[in-house]
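Q: Sharing a structure here in structure tokens format.
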Amino acid sequence: MAKRRAAWIWAAWTLTAGGCTALAGLDDSYHLVEGAGGTSGATGGLSSASASGGAGAGAGGGEGVVPTDVEWIDDMEDGDGAIDEAGGRVGYWYSYNDGTGTQTPPVHTEEMPAGFIPEALTPPRGQSTRAMHTSGSGFTMWGAGVGFALNGPDMGLFAYDASAYTGIVFWAKLGDAGAVTTMKVNLSDKVSEPAGGICDESGEDEAKKCFDHWFYTARLGTEWAPIVIPFEELTRDGTGAEPTAEAVDVAGLYVIEFRFAQGEDFDVYIDDVGFYR
């Protein structure tokens, strides 16, 4: 995971503020309604969200009502690599991998300082004109991914209190129909992130190893679809520090990442990431 830290150090962009909007096109179990389209009421200049169903497209499960109170972490419309500076959040998108394959965009280093910025959508997704896009293949150790810190000012990493929210939501689709159709959505907390001071980043203590993050396996399709992940549906392997932890510590989150395992060819677009209440 050292490459992720390298990505962080060389990331620096101008921040922008975000707001709230509502989602449409989901049923009461958070699943995309087949063939349903919808437009959320955009506020604060945010893009409206629309989607159509498709084979393989899906959203997170869980009991409850469709989330209508969403606070965007990043809608990508400003075209920079920073998340929206709102709700006490500050962070930057980065890519990371095990160094054995090829990923676009590449990991940021001193030699390769180019930023991870949103890509223009052709055609747009409703009023959304930009999204993050990553692809890669050939990784043989543990894989690759992209992500961002929730509270990472001045190149640091601090806990972010997300206890006011119920979960996260974003829109995604495959860029290549032949790419892997699932990805892990990782959230790190005080138990799994070295900055939390509980796990052992050196790896010398197997019982307290780091990076056993909380995750949800999201399904991907060739059409844009919302993915809704309640915090209560996150799980972890339980092989790291505090293996008896039964739930993610939402009062102490660090990063959100989108991860692909070794041996997987991936190509995915990610748009309009937010917390919902």
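The values are calculated or read from the model by the stated rules, or taken from the named source; none is laboratory data. Keep in mind it's a predicted model, so treat the numbers as computed, not measured. Virtual Cβ from ideal backbone geometry, glycine too; neighbours counted across all protein chains shown.
Q: Does region 248-259 include one or more residues that are in a strand (DSSP E or B), at pLDDT below 95, within 27 Å of Gly138 (Cβ to Cβ) and not acidic (Asp, Glu)?
A: Checking region 248-259: not a single residue is in a strand (DSSP E or B), at pLDDT below 95, within 27 Å of Gly138 (Cβ to Cβ) and not acidic (Asp, Glu).
Q: Restrict the check to region 188-196 and report whether at least one residue is in a loop (DSSP other than H, G, I, E, B), of a type in the set (D, E, K, R), over 17 Å from the mean Cα position of the chain (by Cα) and surrounded by 15 or more Cβ atoms within 10 Å (Cβ to Cβ). Before you say what the answer is, go through the steps one by one.
A: Taking region 188-196 as the starting set, the residues that turn out to be in a loop (DSSP other than H, G, I, E, B) are 190-193.
Retained after the next criterion (residues that are of a type in the set (D, E, K, R)): 190, 193.
Checking the rest, the ones that are also over 17 Å from the mean Cα position of the chain (by Cα) come to 190.
If we keep only those that are surrounded by 15 or more Cβ atoms within 10 Å (Cβ to Cβ) too, we end up with 190.
Yes, region 188-196 has at least one match.
Q: Quick one: Gly263 ticks every box in (1) surrounded by 19 or more Cβ atoms within 10 Å (Cβ to Cβ); (2) touching a Phe, Trp or Tyr at 6+ places or on another chain (Cβ under 8 Å) bar one, so which box is it?
A: Against the list (1) surrounded by 19 or more Cβ atoms within 10 Å (Cβ to Cβ); (2) touching a Phe, Trp or Tyr at 6+ places or on another chain (Cβ under 8 Å), Gly263 comes up short only on (1).
Q: How many residues, within region 205-235, are at pLDDT 90 or above and either outside any loop (DSSP other than H, G, I, E, B) or within 24 Å of Arg277 (Cβ to Cβ) (or both)?
A: Narrowing region 205-235 to residues at pLDDT 90 or above: 210-235.
Those left that are additionally either outside any loop (DSSP other than H, G, I, E, B) or within 24 Å of Arg277 (Cβ to Cβ) (or both): 213-219, 224-235.
Total satisfying the criteria: 19.
Q: Next question. Here are Gly178, Gly99: which of them is surrounded by fewer than 18 Cβ atoms within 10 Å (Cβ to Cβ), part of a loop (DSSP other than H, G, I, E, B), small (Gly, Ala, Ser) and at positive phi?
A: Among Gly178, Gly99, only Gly99 is surrounded by fewer than 18 Cβ atoms within 10 Å (Cβ to Cβ), part of a loop (DSSP other than H, G, I, E, B), small (Gly, Ala, Ser) and at positive phi.
Q: Of the residues in region 118-142, how many are part of a strand (DSSP E or B), over 11 Å from Gly101 (Cβ atoms) and over 17 Å from the mean Cα position of the chain (by Cα)?
A: Residues in region 118-142 being part of a strand (DSSP E or B), over 11 Å from Gly101 (Cβ atoms) and over 17 Å from the mean Cα position of the chain (by Cα): 8 in total.
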